[in-house]
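First the structure, in the form of C-alpha cells, and then the observations on it.
Nothing in this text is a laboratory measurement; each read-out follows from the coordinates by a stated rule. Treat the numbers as computed from the prediction; the structure is a model and nothing was measured. Every residue, glycine among them, receives a Cβ derived from its backbone with ideal geometry; neighbour counts consider all protein chains shown.
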Amino acid sequence: MAVLEWMNSDPGLTLERGEVRLRPPRMADYPEWAALRQTSRQFLQPWEPSWPADDLTRAAFRRRLTLYQRDQDLGLGYAFFVFRRQDDALLGGITLRNILRGVAQSGAIGYWIGQPYARRGYTLAAVQILARFAFDRLALHRLEAACCPENEASARLLRKAGFDPEGRARGYLKINGVWRDHLLFGMIRPDEADG
C-alpha cells in the first residue's frame, strides 16, 4: 500500500486551475471511484473498452493503480483523478499515456467523466490542465486524442481545448467489445506550432 500512496507524495503532481484539481489516484479513492463508475456505467460503456466482470472490485482498482505507477516510473504515462476543488468531489479521470521520447516527444490523452458531472466544463478544464503539464513540465511537442465519431460531445470538447481534427482511423480501438473507427485529433505545443 505504501508504494501506491507514494503516487501522491510529489506535490508537483497536484495540478490545479479554476474549479478543478488533478492528482494521482490512491487506494483511499476506491469507494468514491467505484460508486461513481457504477452510477455512470450506462453513460460510460458506449465509449470505453468492455468492463471485466471484476472491474469495480478493490482488487481490480489496486491492479489499476499498480499499472499507473509502473507507467509513471518508466516515464510512459501519468494518471490523474479529476476533483472539484470546492468540495473535493471525484468527477472523473484523465490519463496521459503512450509517451514517446526521441524524435516523437508525444503522448495520448484519454479521459472519462461521471454522468452527474458531464457537460459542466470540468473535463475541458482537466484536458487543458493536462495539456499544460505535458507541454510545460514534460516538454512534449505533440498531444493526441481520439473519440468515436458518434461521441459528438467529446469531439466538441477536444476542438474547444485546442486540438485540431486530423482524420479518421478505421477499426482504431475495441470499444465495448467492437472494433470502432475513431476521429483523430492532435495538438502541437503552442510555441512550436508554426515550426
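Taking 0.36 nm per intervening residue step and subtracting the Cα-Cα distance, what contour gain separates GLU150 from LYS174 on full extension?
Numbers: separation 24, 0.36 × 24 = 8.64 nm, distance 1.48 nm.
Stretched fully, the GLU150-LYS174 segment lengthens by 7.2 nm.
Tell me which residues come under 5 Å, amide H to amide H, from TYR172 once H is placed; ignore anything under 5 positions away on its chain.
Here ARG180, ASP181, HIS182 satisfy the definition.
After finding the eigenvalues of the alpha carbon gyration tensor for the chain, what semi-axes result from the square roots of 5 times each, listed largest first in whole Å? Display every interim value, and only then the final one.
On the way: eigenvalues 115, 88, 57 Å².
They are 24, 21, 17 Å, listed largest first.
Between beta-carbons, use under 13 Å as the cut-off and find the net charge around ALA35, counting Lys and Arg +1, Asp and Glu -1.
Numbers: positive: ARG37, ARG41, ARG58; negative: ASP29, GLU32.
Taking every other residue near ALA35 into account, the sum is +1.
Sort LEU13, LEU90 so that the residue with the fewest other Cβ atoms within 10 Å of its own Cβ comes first and the one with the most comes last. Let's see the in-between values first.
Details: LEU13 16, LEU90 19.
Neighbour counts put them in this order, fewest first: LEU13, LEU90.
Can you put ARG119, ARG23, ARG64 in order, fewest other beta carbons within 10 Å first? Walk me through the intermediate numbers first.
Details: ARG119 12, ARG23 19, ARG64 16.
By the 10 Å Cβ count, ascending: ARG119, ARG64, ARG23.
Spelling out what I want: for every residue of segment 184-192, take phi, set θ = phi - 60°, compute 6.51 cos²θ - 1.76 cosθ + 1.60 (Karplus), and round to whole Hz; glycine and proline get x.
9, 10, x, 9, 9, 3, x, 6, 10
Pairs of alpha-carbon atoms within less than 8 angstrom and 6+ residues apart define the contacts here; what relative contact order does the chain have, in percent? Please list the in-between numbers first.
Numbers: 320 pairs, mean separation 36.2, N = 195.
Once normalised by length, the contact order is 19 percent.
Working from the alpha-carbon coordinates of segment 97-177, get Rg over Rh, Rh being the Kirkwood radius.
Over the Cα atoms of segment 97-177, Rg/Rh equals 0.97.
With θ set to phi - 60° and the Karplus curve 6.51 cos²θ - 1.76 cosθ + 1.60, what are the ³J(HN,Hα) couplings of segment 29-45 in order, to the nearest whole Hz, using x for Gly and Pro?
7, 3, x, 5, 4, 4, 5, 5, 5, 5, 4, 9, 3, 5, 5, 8, 4
If amide H atoms are built 1.01 Å from N in the plane of the peptide, which residues on other chains or at least 5 residues away come under 5 Å of the amide H of GLY92?
VAL82, GLY114
How much length would be gained if the chain were fully extended between MET27 and ARG85, taking 0.36 nm per residue of separation minus their Cα-Cα distance, in nm to one decimal?
Details: separation 58, 0.36 × 58 = 20.88 nm, distance 1.96 nm.
Gain in length upon complete extension: 18.9 nm.
What per residue convex hull volume, in Å³, do the alpha-carbon atoms of segment 20-84 yield?
Numbers: hull volume 7.0 nm³, N = 65.
Normalising the Cα hull of segment 20-84 by residue number yields 108 Å³.
When Lys and Arg each count +1 and Asp and Glu each count -1, what net charge do the other residues less than 13 Å away from SER106, Cβ to Cβ, add up to? Write down the numbers at each step before the final one.
Values: positive: ARG97, ARG101, ARG142, ARG189; negative: GLU144, GLU166, GLU192.
Every neighbour counted, the sum reads +1.
Could you please rank ARG156, ARG189, placing first whichever residue has the fewest other Cβ atoms within 10 Å of its Cβ? Intermediate results must be reported in sequence, preceding the final value.
Numbers: ARG156 13, ARG189 17.
Exposure proxy ranking, most exposed first: ARG156, ARG189.
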